[in-house]
1. Note down the net charge around HIS227, summing +1 for each Lys or Arg and -1 for each Asp or Glu among other residues with Cβ under 10 Å from its Cβ.
2. Using only the C-alpha atoms of region 308-355, find the volume of their convex hull and express it per residue in Å³.
3. Given the convex hull over the Cα atoms of the chain, what projected area results after averaging over all orientations, in nm²?
4. Report the calculated FRET efficiency for ARG187 and ASP60 (r = Cβ-Cβ distance, R0 = 25 Å), to the nearest 0.05.
5. Between region 22-67 and region 114-157, what is the C-alpha centre distance in whole Å?
6. Percent of accessible area on region 1-73 owned by carbon and sulfur, 1.4 Å probe?
7. Return the FRET efficiency for the residue pair HIS141, LEU178: r is the Cβ-Cβ distance, R0 is 30 Å, and the value is rounded to the nearest 0.05.
8. Given points 7 Å out from each Cα along the Cα-Cβ axis, report the LEU171 to VAL35 separation in nanometres with one decimal.
Amino acid sequence: MIGILGGYGAVGGHAARLLGRWGAGPLRIGGRDAVRAKEFIADHLPDADAHEAAVDIDDDTSLAAFVRGCSLVVHCAGPSYRTSERVTYAALVAGADVVDAGGGDHLERIGTAVGDRTALYAAGALPGLSGLLPRWSAARHFDTVHGLTAYAGVLDRFTAAGAADYLKGVLGGANEPLAAWRDGARRSGTLTRLSGHRLPYFVREVTAHPYLDAEGERLARDLSLTHGSWYTAVDGVQLPAVLDAARGLDRACAVAGLCRATALDTAGRTPYVTLLAQLDGKAGGRPATSTAVLRAPGIAPLTGAVTAVAALAVLCGEVPGGARCADAALDPVTAVERLRAEPGICELTMHDAAIDELAVAEEGAL
């Protein structure tokens, strides 16, 4: 039995549809409203072995009843920073493995409880796929790598839960603005914000916010990078202003502000996710630079798809026991290729050029 918390929501619904299409199951679709869960199954999983179940994550008895009998619990309800650990412990008591679209803030503490079971965290798009994509490129196209430049751009509306998790990630202790990876170590204050920045595959100029988080540092160490630079590419005028003010606001006001800002920035525009990952290294014994470009039609479908891919890997026995983040635990080639195989999830192209070169070429073509 696969129990999906938030199983009819924006992220969980996409994960459930893919798992149902792949023949995984039986599926237990959980949320606060059993009627909505039943309607979701009728509309989107008519041929799958699935049933609905009402569950309140904040109620220990309700959560324990939901996870009972599950071999895998897929956590797609938010905000994950508040619910991830309690879901993990409930699943472990029930003898189930865990795949969480978010979470992973306290891996050492959780790892002690997980033992030989498998628990995957940050199994979404950002973080998650943002770490898998450079690993995929390194495995497929390079002998060795020494440098990475990455941009992640999202134009989409926040839900309240999504905004809360985004704020936790942006303002959390592991995320350091303006920091970069230089000479094999984290360096504070290395980079500056780039306003009016032109990037390939972005229709408008963006504000590029540099940062270094736990996923980036893990990636830098695993790939033995000497330098790495990560940016969030913000396409819109409302969101940057709210982000600047967020540190001085209480969480509820900041979440509401983010939801309003993204609603205004996306008004009349088509949502998208664009990831750029430039790697510098050697291929065939010669210096090489390549840029991977991944585009998707929205953050929720992409996050749900990555979560489903992570769940499938656990079900197939491809992930060892223990508590890990998905970008480091999943085989990047298998994970990315599974995403590419699903129509409508994402498009992935490779260019033997740097990001700046692509931007110049694209501008010249226009």
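1. 0
2. Numbers: hull volume 5.0 nm³, N = 48.
Dividing the Cα hull volume of region 308-355 by its residues yields 103 Å³.
3. Working: hull surface 72.3 nm².
So the Cα hull casts an average projection of 18.1 nm².
4. Details: r = 44 Å, r/R0 = 1.76.
Once the sixth-power term is evaluated, E becomes 0.05.
5. A separation of 29 Å, based on Cα centres.
6. Values: 1560 of 3290 Å².
For region 1-73, the apolar C and S fraction of the accessible surface comes to 47 percent.
7. Values: r = 30 Å, r/R0 = 0.99.
Once the sixth-power term is evaluated, E becomes 0.50.
8. 3.6 nm
The values are calculated or read from the model by the stated rules, or taken from the named source; none is laboratory data. Being a predicted model, the structure only gives us computed values, none of them experimental. Ideal geometry is used to build each Cβ from the backbone, glycine not excepted, and the neighbour counts take in all protein chains shown. Calculation scope for accessible area: heavy atoms of the full protein, side chains included, ligands and nucleic acids excluded. Shrake-Rupley method; radii C 1.70, N 1.55, O 1.52, S 1.80 Å.
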